[in-house]
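Chemist: Structure below; questions to follow.
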Amino acid sequence: MSVDGAVDVVSVEHLSKSFGDLRVLADLSFSVHQGEVLAIIGPSGSGKSTLLRAITHLETATGGSIAICGTRILDDGVYADKATLRSALLKLGLVFQDFNLFPHFSVLRNLTEAQVRVLGRGAAQAREVAVALLEKMGLAGKAAAYPCELSGGQKQRVAIARALALDPQVLLFDEPTSALDPELTGEILEVLRGLAAEKMTMVVVTHEMGFARDVADRAMLIDAGLIVEEGPARELIDNPRNERTRAFLKRFSRSGRT
């Protein structure tokens, strides 16, 4: 639990990651509180995606500690056992920028497969959960469709529904609108706004400054693998204290896009 009484569902301490001699993350420490939205911003190549992949164990950290809902999966550079890792990581859902849907599965099966295989749900329950989530995402009529028949925005909504189907405590988004045409970006941002209104805990790597400012509770600028500045999202974006943050934000219009 954090000092202000909020429950930390993700806690990162002194996290580092290197690929050979290339240092990608350097001594990062921060927490994500239950029910809050954290926007991670920064230039391309600054380590934002690597950070999400390290938290979800898609990349192996070089050092530091990570705790998920109170369970340490990494402690001073040493990973927990496989059973502990699996149990803790099930509390995270990761939505990729390029959807990562199974192209040979229908939309419905994309949502039911992991429920059955990972959570051990029966087929009927998995289908019930999937149908309800597709309706929530405005995709009730697309259950039998295949990914190739969907727009980019529809594919991303399916990916979000698939992540939600596993009942995560935290959703992590890796630039969820970057692969979309500008006219499709709005529908995904509306989905994220809806989840934020429901107090879904989210960590969103984004270049959508308008979304970060208006929806996120906190924002954090990462550059060269370091946290340059963090604080309340609206305050950081409207009145950044750090010169590097100011220089980065000058690239964006008030609408939030470059």
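The values are calculated or read from the model by the stated rules, or taken from the named source; none is laboratory data. Because the structure is a prediction, the values reported are computed rather than measured. So basically every Cβ, Gly included, is an ideal-geometry build from the backbone, and we count neighbours across all protein chains shown.
Chemist: Determine if region 93-107 includes at least one residue that is surrounded by 14 or more Cβ atoms within 10 Å (Cβ to Cβ), touching a helix residue (DSSP H, G or I) at 6+ places or on another chain (Cβ under 6 Å) and without any contact (Cβ under 8 Å) to a residue 24 or more places away in the chain.
Modeler: No, there is no match, as no residue in region 93-107 is surrounded by 14 or more Cβ atoms within 10 Å (Cβ to Cβ), touching a helix residue (DSSP H, G or I) at 6+ places or on another chain (Cβ under 6 Å) and without any contact (Cβ under 8 Å) to a residue 24 or more places away in the chain.
Chemist: Pull up region 14-38, narrow it to residues that are under 15 Å from Leu226 (Cα atoms) and of a type in the set (A, V, I, L, M), then point me to the one that is surrounded by the fewest Cβ atoms within 10 Å (Cβ to Cβ).
Modeler: Only one residue fits best here, namely Leu22.
For (1) in a helix (DSSP H, G or I); (2) in contact (Cβ under 8 Å) with a residue 12 or more places away in the chain; (3) of a type in the set (Gly, Ala, Ser), each residue gets a yes or a no:
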{"site": "Val24", "(1), (2), (3)": "no, yes, no"}
{"site": "Ser31", "(1), (2), (3)": "no, yes, yes"}
{"site": "Leu51", "(1), (2), (3)": "yes, yes, no"}
{"site": "His57", "(1), (2), (3)": "no, yes, no"}
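Chemist: Shifting gears a bit: Cβ-Cβ distance below 6 Å, separation of 6 or more or different chains: which pairs start in region 143-155 with a residue that is under 22 Å from Pro182 (Cβ atoms) and end on one that is at pLDDT 90 or above and surrounded by fewer than 17 Cβ atoms within 10 Å (Cβ to Cβ)?
Modeler: From region 143-155, the pairs are Pro147/Pro103.
Chemist: Report whether or not Ile237 is under 14 Å from the mean Cα position of the chain (by Cα) and either of a type in the set (A, V, I, L, M) or modelled with pLDDT under 95 (or both).
Modeler: No; evaluated as a whole, the condition is false for this residue.
Chemist: Pairs only if they're at least six apart or on different chains, beta carbon under 8 angstrom, first in region 198-219 and aromatic (Phe, Trp, Tyr), second in a helix (DSSP H, G or I) and crowded, with 23+ Cβ neighbours inside 10 Å; list them, first residue then second.
Modeler: So the pair list comes out as Phe211/Leu192.
Chemist: Report, ordered by the first and then the second residue, all pairs with beta carbons closer than 6 Å, sequence separation of six or more or different chains, a first member in region 109-135 that is of a type in the set (Gly, Ala, Ser), and a second member that is surrounded by fewer than 17 Cβ atoms within 10 Å (Cβ to Cβ).
Modeler: Taking only residues 6 or more apart or on different chains, the pairs are Ala126/Val116.
Chemist: Give the residues of region 116-141 that are of a type in the set (A, V, I, L, M, F, W, C) and within 27 Å of Gly186 (Cβ to Cβ), sorted by residue number.
Modeler: Val129, Ala130, Val131, Ala132, Leu133, Leu134, Met137, Leu139, Ala140 - these are the residues of region 116-141 that are of a type in the set (A, V, I, L, M, F, W, C) and within 27 Å of Gly186 (Cβ to Cβ).
Chemist: Of the conditions (1) on the phi > 0 side of the Ramachandran plot; (2) touching a Pro at 6+ places or on another chain (Cβ under 6 Å), Gly77 fails just one. Which one is it?
Modeler: The one condition Gly77 does not meet is (2).
Chemist: Do you know which residues across region 59-86 are of a type outside the set (Lys, Arg) and part of a strand (DSSP E or B)?
Modeler: Residues satisfying the conditions are Gly63, Gly64, Ser65, Ile66, Ala67, Ile68, Thr71, Ile73, Leu74, Asp75, Val78, Tyr79.
Chemist: Look at Ile222 and say whether it is closer than 29 Å to Ala88 by Cα, modelled with pLDDT under 95, of a type in the set (A, V, I, L, M) and in contact with a helix residue (DSSP H, G or I) (Cβ under 7 Å, 6 or more places away or on another chain).
Modeler: Answer is no for this residue.
Chemist: Among strands (runs of 3 or more DSSP E) lying entirely in region 156-258, which contain 1 or more residues that are surrounded by fewer than 21 Cβ atoms within 10 Å (Cβ to Cβ)? Outline the logic, then answer.
Modeler: Working: elements: 170-174, 201-205, 218-223, 226-232.
So the answer is 218-223, 226-232.
Chemist: Looking at region 33-57 only, could you name the residues that are farther than 18 Å from Gly20 by Cβ and either out of contact with any strand residue (DSSP E or B) (no Cβ under 9 Å at 6 or more places or on another chain) or hydrophobic (A, V, I, L, M, F, W, C) (or both)?
Modeler: Correct list: Val37, Leu38, Ala39, Ile40, Ile41, Ser44, Leu51, Leu52, Ile55.
Chemist: Still on this structure: So is Leu111 among the hydrophobic types (A, V, I, L, M, F, W, C), assigned to a loop (DSSP other than H, G, I, E, B), over 30 Å from Glu13 (Cβ atoms) and under 19 Å from the mean Cα position of the chain (by Cα) or not? Walk me through it before giving the result.
Modeler: Working: among the hydrophobic types (A, V, I, L, M, F, W, C): yes; assigned to a loop (DSSP other than H, G, I, E, B): no; over 30 Å from Glu13 (Cβ atoms): yes; under 19 Å from the mean Cα position of the chain (by Cα): yes.
In short, no.
Chemist: Please go through region 60-92 and pick out each residue that is of a type in the set (A, V, I, L, M), closer than 28 Å to Gln156 by Cβ and touching a residue at least 24 places away in the same chain (Cβ under 8 Å).
Modeler: Ala61, Ile66, Ile68, Leu85, Leu89, Leu90, Leu92
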